[in-house]
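First the structure, in the form of structure tokens, and then the observations on it.
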Amino acid sequence: MNSYDAIVIGAGHNGLVTANYLARAGKRVLVLERRAIPGGQAVTESFGEGWNVDSLHAGGMLRPDIVRELGLSIPAPAPQTFTAHTETGALSIGPALTDAASIAAIAAFSAADAARWPEFVAFMNRCAEMLEAAYAAPMPRELPHVDLRREGLPLAKLALRLRRLGKRDMFRFIRALPMTSLELFEEWFESPALRAALASVAIHGHTLGPMSAGTGFTLMHNWLNRGGLAAPQYAAGTGTIVRALTESLLAARGEIRTGSAVQRVLIERSRAVGVELAGGEQIRAPVVFSAADPRHTLLALAGERELAPEFCWHARNIKMRGAVAKIHLRTDGSHGIGPGTHAIAPALKRLERAYDASKYHEISESPYLEVTTRGETVAVHFQYAPYRLKNGDWASAGKRLEEIALATLAPVFPALAASVRASRVLTPLDLEREYGLTEGDMNHGQLAMDQFFFMRPLPNWSDHRTPIGALVLCGSGVHAGGGISGAAGRNAAKQYLAGRFA
């Protein structure tokens, strides 16, 4: 049996970030990945015949402090224009957000909105900075009790940063978190087109509608991860991030084993001591980090018999509820879609009706779509496609997604359908089976009001620890997770290295 200082389950971006911090601290680290290639949700992979695709995320970027602290060589993603195709016309906002062209584009819909737009962008940037500081701060383990030695100073710094927003923006920030995006945008803007454009960003990746409480928070979260409205894209694909993390880890003498599915965490006296692979091989280590989602980690890998019945009940009730599908179209290049991020967002109420379908476990016939291109490939983010279907199953419904998407896109991009030469549809069931995303949830647990900050993944368990000693959560399902940022993996490694899990 091999022995390591730490084992990391999952070679997605968070698992690789955790492993890099540990390896650079002198730990002998082994990363185990169930798939044949590393990358997880940030993977760029081949779908055959030289067709390379960003399977799950069209773009993303690690937090700047992670890139700096790990010395990663990652080129800046190319700036992108965000275009919302609405009932009243296309609204294009440039990557600078407040340049003259963007202001003029908004003014074509409303002069009053154009006048308020720079103020809104400044406010959102300050909210994103505040959220980034909150994501970097360890959450208290058990409120209202706070460990002053471990948690008091970071929370005090966070409170001071909040106060420095100024009275006006501080209250705006706090008030906006639980708001619906409908209410938030009604206070700022009069144009239905601008409201719909912003609402599409607020709901992206979440099983929520623009009239759902907490979409003020998800708008801030997505704004932070994107650096604005459009998805940041790399010329060589999102896998650029994975390659940099992999090269860095190997240079620090860390190890990655692909095709190595972990079937259980080895536990002795309520403490993790290693893992057992699907083939029966056992590997020992004094600490095990899991970048898999919390429900799978706790109930499947650790096992319910190792946990208290009440805790198991809470873990089973972590809200997953994936409702996103991915459609990749290989074209002959004549698709007629310009660069940047394109949101099919006719009107805010239409986005809400698209969400309504998922409530009844039905595929939306008028979905919210987000479209990006890279070369000849057109990637379509399809929302809403619920994991559980009322009628039929995903084995037969996958083709229907492509038909709905092409029909929805035809009025906006009439040349697209004729340009398609091949396609690949990833249903929520595919996301679970191929990419290990329970219920197809790309956030490892919905970013809802009862599952964020000190309640993520569960109240009293927001500091990466679990009831199993030396079993640490480092994936998107914990505080700071969701999207391609690496913050959750960074936090888990830093807290462990600081001795907070001893």
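Of all residues in the range 483-502, those satisfying the criterion of being more than 19 Å from Thr240 (Cα to Cα) and either surrounded by 24 or more Cβ atoms within 10 Å (Cβ to Cβ) or in contact (Cβ under 8 Å) with a residue 60 or more places away in the chain (or both) are Ala488, Asn491, Ala492, Ala493, Lys494, Gln495, Tyr496, Leu497, Arg500, Phe501.
A count restricted to the range 21-40 and to residues that are buried (at least 24 other Cβ atoms within 10 Å of the Cβ), touching a Gly at 6+ places or on another chain (Cβ under 7 Å) and of a type outside the set (Gly, Ala, Ser) stands at 3.
Among the candidates Gly392, Gly333, Gly322, the residue that is buried (at least 20 other Cβ atoms within 10 Å of the Cβ) and among the small types (Gly, Ala, Ser) is uniquely Gly322. Residues that are under 17 Å from Phe47 (Cβ atoms) and either part of a loop (DSSP other than H, G, I, E, B) or at pLDDT below 95 (or both) do not occur anywhere in the range 406-421. Number of residues in the range 464-478 that are part of a loop (DSSP other than H, G, I, E, B) and either surrounded by 24 or more Cβ atoms within 10 Å (Cβ to Cβ) or free of Cβ contacts under 8 Å to residues at least 40 places away in the same chain (or both): the value is 7. Of the set (1) closer than 24 Å to Ser55 by Cβ; (2) surrounded by fewer than 21 Cβ atoms within 10 Å (Cβ to Cβ); (3) of a type in the set (D, E, K, R); (4) in contact (Cβ under 8 Å) with a residue 24 or more places away in the chain, all apply to Arg226 but (2). Confirm whether His381 is at pLDDT 95 or above and in contact with a strand residue (DSSP E or B) (Cβ under 9 Å, 6 or more places away or on another chain). Criteria met by His381.
Listed here are the residues, each with its yes/no results for (1) small (Gly, Ala, Ser); (2) in a loop (DSSP other than H, G, I, E, B); (3) surrounded by fewer than 16 Cβ atoms within 10 Å (Cβ to Cβ); (4) free of Cβ contacts under 8 Å to residues at least 24 places away in the same chain.
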residue: Ala156; (1), (2), (3), (4): yes, no, yes, yes
residue: Leu160; (1), (2), (3), (4): no, no, yes, yes
residue: Asp169; (1), (2), (3), (4): no, no, no, no
residue: Phe173; (1), (2), (3), (4): no, no, no, no
residue: Phe185; (1), (2), (3), (4): no, no, no, no
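The values are calculated or read from the model by the stated rules, or taken from the named source; none is laboratory data. Predicted, not measured: the structure shown is a model, and the values here were computed from it. Note that each Cβ is placed from the backbone with ideal geometry, even for glycine, and that neighbours are counted across all protein chains shown.
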